[in-house]
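Down below is the structure, laid out as structure tokens.
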Ligand SMILES: Nc1ncnc2c1ncn2[C@@H]1O[C@H](COP(=O)(O)OP(=O)(O)OP(=O)(O)O)[C@@H](O)[C@H]1O
Ligand SMILES: [Mg+2]
């Protein structure tokens with residue numbers, strides 16, 4: 001396993017959104033401030049893999065325990081299913097059987113907190129999956145008793161940039177008008193990519209956070225476009241290739257090797273190699289080398305045969 005080879009205590013570039021590894025980039029910090037300060041409807045968008053879910057999980061860890069928070073991650077649920085999930089998640093005793101009763105229980109809970117001046121946050125991740133009627137129903141929760149929008153309630157809708165377009169739907173005009181803040185996560189810039197990589201290595205127990213050369217990091221920045229999910233996949237593969245080649249320092253060549261491997265994987269379906277199993281990777285690489293040598297051998301033999309036939313024939 002490459003961990004002991006590089007003196008690591010755990011995988012630094014796992015794809016699991018682990019709050020211990022959270023890196024606060026500039027745009028993450030800007031979004032954090034908005035999310036902590038704004039009430040009403042807040043929309044958080046960002047391209048896939050920029051860290052929306054990671055930010056939500058990191059914020060949840062740091063949240064004031066007085067704030068009631070529910071995080072809905074499964075937006076394939078119908079609205080009633082989401083209400084049921086929220087009741088459960090908020091720890092509200094749920095004796096009500098019908099959807100209308102459940103909705104009334106949630107509204108009652110939100111109203112009571114509102115009147116007591118207590119903050120409540122409803123987070124809906126992957127909100128782009130919601131249809132227009134469901135979004136409208138969610139928006140209506142802001143106005144629980146039909147009078148005025150709550151001052152202490154926050155509904156945070158999270159998704160890719162297309163989410164903004166969905167909210168522009170003509171049936172959601174009231175919702176659109178109620179948006180109190182829009183935050184957009186951006187890819188990391190070059191300096192952030194370097195801090196991100198070194199930070200992850202440090203948290204994973206590396207003694208030498210300079211494990212990746214400067215040129216290697218520049219290549220990673222270029223290939224990933226600063227998207228953390230891509231950085232993780234690439235760095236994890238680069239460590240595997242470094243281990244397989246007995247190189248303790250990851251240079252640009254190793255990163256290029258990993259990029260070629262990832263690109264090939266993207267174009268040609270192949271049996272995936274478990275990234276935790278470098279032996280499998282090595283055997284796949286040597287199989288590939290053997291295959292290429294065989295193909296080259298066959299090509300050379302047929303060229304010689306063709307030449308001989310032409311020569312003899314002539
Ligand atoms: N700011 C960050 N700090 C640490 N790790 C991050 C950060 N952003 C992203 N990652 C890493 O990249 C992976 C993808 O991030 P995440 O799932 O949060 O992205 P997302 O924006 O929610 O993507 P999607 O649009 O696909 O839901 C995470 O599992 C995590 O490992
Ligand atoms: Mg996400």
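The values are calculated or read from the model by the stated rules, or taken from the named source; none is laboratory data. Just so you know, these numbers come straight off a predicted model, no measurement behind them. Positions of Cβ are backbone-derived with ideal geometry, glycine not excepted, and every protein chain shown enters the neighbour counts.
Per-structure values
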item: Criterion: over 19 Å from residue 72 (Cα atoms), more than 16 Å from ligand 2 (Cβ to nearest atom) and in a strand (DSSP E or B) - qualifying residue of 165, 181; result: 181
item: Search result, residues across the stretch 90-110 that are loosely packed, with under 15 Cβ neighbours inside 10 Å and either in a loop (DSSP other than H, G, I, E, B) or under 30 Å from the mean Cα position of the chain (by Cα) (or both); result: 91, 93, 95, 97, 98
item: When residues of the stretch 120-135 are limited to those that are surrounded by 19 or more Cβ atoms within 10 Å (Cβ to Cβ) and part of a loop (DSSP other than H, G, I, E, B), the one farthest from ligand 2 (Cβ to nearest atom); result: 130
item: Of all residues in the stretch 14-52 being assigned to a helix (DSSP H, G or I) and buried (at least 16 other Cβ atoms within 10 Å of the Cβ), the one that is farthest from ligand 1 (Cβ to nearest atom); result: 34
item: Sole residue being assigned to a helix (DSSP H, G or I), at pLDDT below 95 and surrounded by 15 or more Cβ atoms within 10 Å (Cβ to Cβ), chosen from 173, 154, 142; result: 142
item: Failed item in (1) within 16 Å of ligand 2 (Cβ to nearest atom); (2) without any contact (Cβ under 8 Å) to a residue 40 or more places away in the chain, with residue 65 passing the rest; result: (1)
item: Complete set of residues in the stretch 200-222 that are surrounded by fewer than 18 Cβ atoms within 10 Å (Cβ to Cβ) and under 25 Å from residue 184 (Cβ atoms); result: 222
item: Qualifying residue in the stretch 54-64 (condition: in contact with a helix residue (DSSP H, G or I) (Cβ under 6 Å, 6 or more places away or on another chain), within 16 Å of ligand 1 (Cβ to nearest atom) and modelled with pLDDT of 95 or more); result: yes
item: Which listed residue is within 15 Å of the chain's Cα centre (by Cα), touching a residue at least 40 places away in the same chain (Cβ under 8 Å) and part of a helix (DSSP H, G or I), from 243, 196; result: 196
item: Hey, residue 6 more than 30 Å from residue 117 (Cβ to Cβ), surrounded by 19 or more Cβ atoms within 10 Å (Cβ to Cβ) and more than 14 Å from ligand 1 (Cβ to nearest atom) or not; result: yes
item: Any hit, the stretch 71-87, residues being touching a strand residue (DSSP E or B) at 6+ places or on another chain (Cβ under 6 Å), away from ligand 1 (no atom under 16 Å from the Cβ) and touching a residue at least 24 places away in the same chain (Cβ under 8 Å); result: yes
